[in-house]
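Written below as C-alpha cells is the structure these notes are about.
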Amino acid sequence: MPAVPSSKAPTHSRVTLTVNGAPHTLAVDHRATLLDLLRERLGLTGAKKGCDHGQCGACTVLVDGRRANSCLLLAVAQDGRDITTVEGLAADGDGDGEPHPLQRAFLDRDAFQCGYCTPGQLCSAVGVLDEAAAGHPSYATDPSAPPAQGPVRLTADEIRERLSGNLCRCGAYPNIVAAVEDVSSST
C-alpha cells in the first residue's frame, strides 16, 4: 500500500470582520460558513439555519450593505467585510436601541407569526430598500419604461419579486409586503 503524504496544510486563517459595527479578529476554520461563525462564535443567533442550501433566506444578512445568504458564504472569504445582522439593524447597531423603521413596521403590521424567517426577511427588506433607492430594477420593473435615473418605486409586485428569495412557512407575506410598503412610502 503506497504511503499517504502527510501534508500539513493550514486548516484555519485569521480574519477580521466588522459585525454590527464592532471589529472581530478570529481564527476561522476554512470550512466554516459565515452563518456558523455568526451563530456559534459570535453568539448572534438572529440569522437562522433553515435549509442550509441558500433556498429559504432565513440566514440573510447584509455584507457590505448587500443582502446575502450567509449559509453559502465561507467565513474566511469575508475578511475585511462589514456584516450587518438583524441584531445590528437597531439605531445603535447592537440591538438595544431604537428599532429600525422596518422592525417597527413589522411589529405594527404583525408581519410575522412564528418569527423564524423574520430576521432574514428584515435584512433582505433593508437590502431591497437600498437597491430600489439606487435605481436597480428587478424582474417586476416595467421593461418598457426608460432606465431608472432615480429610485425605483416599490409597488407590491416589486416588493414580492424582490423578496421572493425569502420564504415564510406561516404565510405572513401580505403583512410583510404591507410593512415594506409602509417604510418605502415614508422614505
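Within the shell of other residues whose beta carbon sits under 12 angstrom from the beta carbon of TYR116, the net charge comes to +3, with Lys and Arg scored +1 and Asp and Glu -1. Along the charge dipole of the range 111-187, which of ALA111, SER186, GLY135 sits closest to the positive end, that is, farthest toward it, with unit charges on the beta carbon of Lys, Arg, Asp and Glu (+1, +1, -1, -1)? In the range 111-187, that residue is ALA111.
Under the 0.36 nm per residue contour assumption, what length would be gained going from the current alpha-carbon distance of ASP130 and ARG31 to full extension?
Here the answer is 32.6 nm.
With both residues required to sit in the chain, DSSP beta bridges show an antiparallel share near 90%. Other residues within the sphere of radius under 11 Å centred on the Cβ of ALA172, judged by their own Cβ, net out at +1 (K and R +1, D and E -1).
Amide H contacts under 5 Å for ARG81: THR18, restricted to partners 5 or more places along the chain or on a different chain, H placed in the peptide plane at 1.01 Å from N. Between TYR139, TYR116, TYR173, the GNM of the chain built on Cα springs shorter than 10 angstrom shows TYR139 fluctuating the most. With both labels modelled 7 Å from their Cα along Cα-to-Cβ, the LYS8 to ASP142 distance reads 6.7 nm. For the range 145-187 versus the range 21-61, the inter-centroid distance based on Cα atoms is 25 Å.
Rounded to the nearest 20 debye, the dipole size of the range 1-131 about its Cα centre is 560 debye, using +1 on the Cβ of Lys and Arg and -1 on the Cβ of Asp and Glu.
Annotation for SER186 and LEU107: the two label points, set 7 Å from Cα along the Cα-Cβ direction, are 1.2 nm apart.
Throughout, read-outs are computed from the coordinates displayed, never taken from laboratory work. What you are looking at is a predicted structure, and each value in this text was computed from that prediction instead of being measured. Neighbour counts run over all protein chains shown; Cβ positions are idealised from the backbone, glycine included.
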